[in-house]
Amino acid sequence: MSMTYRPEVDGLRCIAVMLVILHHLNLPGFSGGFVGVDVFFVISGYLITGIILAELKSGSFTFGSFYKRRVIRLAPAYFTVLLVTTVFAWLLMLPAELENFSVSALYSTFFIANFYMWDAVGGYFGSGADTTPLLHLWSLAVEEQFYVVWPVTLLLLYKLLGGGRYLFVAVLVALVLGLAVSEYGAVNYRAAAYYLMPTRAFELLIGAALAFVPLSLLDRVPRLARVVLGLVGLGLILYGNVVFTGATWFPGLNALFPCVGTALLIAFTRAGDPLLGKLLASKPAVGIGKVSYPVYLWHWPIIAFLNLQLIELTPMVSVAVVVGTLLLAGLTYQFIEKPARAFRRVRWTKVVGAGFAVPAVLFSSAALSAIQWKGVPERFDEALISKSNAVMSYAPHVRGRCNQGAVVSPLGESDCVLGVQKPKVDFLLVGDSHANHFTGMFDLLARDAGMRGYDVTQSATPFLIGVERFSQQGDMLVHYDDFAQRNEFIASKLVPRQYDYVVLGGKFASFYGNAYLSLADQAPEAPTPELFRESMRETLQMIIAAGSTPVLIKGNPTFKYDVSDCTLNNLRFGLNNGCSMPRDEFDAHFRDWSQFVEQLQEQFNQLVVIDPAKVMCDDEWCYSELDGLPLYKDSGHLNYEGSKLIGQLYIKQFDNPFTSRVKGHSD
């Protein structure tokens, strides 16, 4: 059973998919074009819930028929694009890249790509969203996970409450609760909230709630009022498209702009209405809307492979991407999707088996093979492979959840071991992601010294006691709750264990003059370097009072651009790009911080300072590669192999600071 066809809804799909494409092409004015996905979520919730409700009322609903329709609708185009993308990945990607792609393909095969993207792309150490060909499949994963839960939930509620107002109220309650969960997640767990179904469910529920309202009731609204409400809806979507950026808290309350806008358009715009109705029901809009699903599937792999090959998205290339995407989508619709409709007459078990189970086995086998074969390194030169492996290595993949974890109950000493395995833990490594990226170095230093360490790090949380932190989000200062909570845990639970050393790492040179710190929950009006200095001194005093020797990692050069694959791309594509930073630029950035470190060394005789820049820079340059190995993961974070190499070179040039114990070790 199907709902009455509405061409204006296809026109709305056209708007949604074009917003997404133009956003991904980095066109000015489309910084928030990702809201097109939210438009799709509302449309999907509206249409699918409407169909389920109609079948529940007629008594014809079965789970078998429901999932048969989902497979026929999604699987043919989905697996076609996945196949073609996999072929190009095998042809173009370096071994480490192909390994990562294969993991993402494995997740995508079973519609759980959002979990992979959350971990590999959405977190602080993103693995390169621009070159992740299956990135966009996270949204389809969210939808399918919702439709694992929603049909059975709706069926149970229908049987308990009937199909009337009580069921509608239950959906509204779920919607409000879902919105609250989403807002909390958007503020406190941004990556998870963006990619995971529970924080997106309310968007589909907005569409679901709208499906309970009869069109006949909405049609009673005067035409002029409906036209105005439709224009308001379009305005809300376009507002999100123009105003939102990657820094916007999302989804949460901000997602209401595109979602409510979409609901208004569905509710009040009709194909025969003037202005917007005729525009959405026009042949071009409906034509693109009908193929919006394959358009969405094709556009991002094309862009990702262009990015991978360093092909700039010029206006001409962007036009070619749009045209090529539409052509591929048209062919997919005509020769893949339409013929697949013949399976509507086949039993659901055969459809699910042939349409999903068989492709899933084939794709997962191919993905697991590529992972097992380490990305098939025989395809490329050894130097390329070595550089690529370094670039694709980073601490969270090696160290697991030793970075981040629960704020006041992180993983314990037995889970996060640096150096050798022995009963006594000799040192504690704490700080932010710039402490975490030195775990490769400190694992090596500890092994060389026969010591054992324990790393407890959290992004954006250098270990500073007695202060609250605020982070700048656009024009707003937002209190970072986890900062003080994590540091209080370290100060009260870990430092009193009397480790021989407590190692402090962080992006201190940038933090020094730019951090918004406060003694209370009230946001400061300007950066507070004096409060930073005071807190750092108190932190060192506390460590010394606990019987430990404080060790301060001074930091490493931070580039103005992602330098991770600079030397790799020079070799890979025969380029000659500069991949180093003038020493004067580095010194200027570190000047104030370096002067303060000197003051700390004068005040605290016990303080040991480790200066990685002494092996990364000479008198003229600071390098992003040493001994043929790229050092960076992005513009400022080290990759894991680079971190280890810095440790090796540090021992070779300056001895091991854990064994030398010389005051002012690095200066």
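The values are calculated or read from the model by the stated rules, or taken from the named source; none is laboratory data. Given the structure is predicted, the values throughout are model-derived calculations rather than measurements. Neighbour counts are summed over all protein chains in view; Cβ atoms, including those assigned to glycine, are modelled from backbone coordinates with ideal geometry. Remember, those area values only see protein heavy atoms, side chains included, never the ligands or the DNA or RNA. Shrake-Rupley method; radii C 1.70, N 1.55, O 1.52, S 1.80 Å.
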Exercise. Got at least one residue in the stretch 147-169 being in contact (Cβ under 8 Å) with a residue 40 or more places away in the chain and more than 30 Å from ARG341 (Cβ to Cβ)?
Worked result: yes
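Please list, ordered by residue number, the helices (runs of 4 or more DSSP H) wholly in the stretch 503-592 having 1 or more residues that are surrounded by fewer than 22 Cβ atoms within 10 Å (Cβ to Cβ), among the small types (Gly, Ala, Ser) and within 28 Å of the chain's Cα centre (by Cα). Can you show your working first?
Working: elements: 508-514, 529-545, 566-573.
In the stretch 503-592, the matching helices (runs of 4 or more DSSP H) lie at 508-514.
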Seminar exercise, completed: Conditions (1) open to solvent by 40 Å² or more (accessible area, probe 1.4 Å); (2) outside any loop (DSSP other than H, G, I, E, B); (3) under 20 Å from LYS644 (Cβ atoms); (4) not small (Gly, Ala, Ser) -> LEU444 fails only (1)
Exercise. Is at least one residue of the stretch 297-315 in contact with a helix residue (DSSP H, G or I) (Cβ under 8 Å, 6 or more places away or on another chain), farther than 20 Å from PHE41 by Cβ, among the polar types (S, T, N, Q) and open to solvent by less than 10 Å² (accessible area, probe 1.4 Å)?
Worked result: no
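With the structure loaded, tell me whether ILE15 is in contact (Cβ under 8 Å) with a residue 24 or more places away in the chain, assigned to a helix (DSSP H, G or I) and in contact with a His (Cβ under 8 Å, 6 or more places away or on another chain) or whether it fails that test. Give the derivation first.
Numbers: in contact (Cβ under 8 Å) with a residue 24 or more places away in the chain: yes; assigned to a helix (DSSP H, G or I): yes; in contact with a His (Cβ under 8 Å, 6 or more places away or on another chain): no.
Criteria not met by ILE15.
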Exercise. Which condition number in (1) under 16 Å from SER459 (Cα atoms); (2) among the polar types (S, T, N, Q); (3) free of Cβ contacts under 8 Å to residues at least 40 places away in the same chain; (4) open to solvent by 10 Å² or more (accessible area, probe 1.4 Å) is the one that ASN487 fails?
Worked result: (4)
Seminar exercise, completed: All-but-one check, ALA460 against (1) touching an Asp or Glu at 6+ places or on another chain (Cβ under 8 Å); (2) on the phi < 0 side of the Ramachandran plot, failing number (2)
Exercise. Can you pull out the residues in the stretch 210-228 that are in contact (Cβ under 8 Å) with a residue 60 or more places away in the chain and more than 19 Å from GLY277 (Cα to Cα)?
Worked result: ALA211, PHE212
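Please give the helices (runs of 4 or more DSSP H) falling wholly within the stretch 129-243 in which 3 or more residues are surrounded by 17 or more Cβ atoms within 10 Å (Cβ to Cβ).
Numbers: elements: 138-161, 165-188, 190-195, 201-210, 215-218, 223-243.
In the stretch 129-243, the matching helices (runs of 4 or more DSSP H) lie at 138-161, 165-188, 190-195, 201-210, 223-243.
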Seminar exercise, completed: Out of (1) touching a residue at least 24 places away in the same chain (Cβ under 8 Å); (2) surrounded by fewer than 20 Cβ atoms within 10 Å (Cβ to Cβ), the one LEU607 does not meet is (2)
For this session: Could you tell me whether THR109 is of a type in the set (S, T, N, Q), touching a Pro at 6+ places or on another chain (Cβ under 7 Å), buried (at least 22 other Cβ atoms within 10 Å of the Cβ) and at pLDDT 95 or above?
Result: no
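Which is open to solvent by 20 Å² or more (accessible area, probe 1.4 Å) and at pLDDT 95 or above, of PHE41, PHE34, PHE66?
After applying the criteria, what remains is PHE34.
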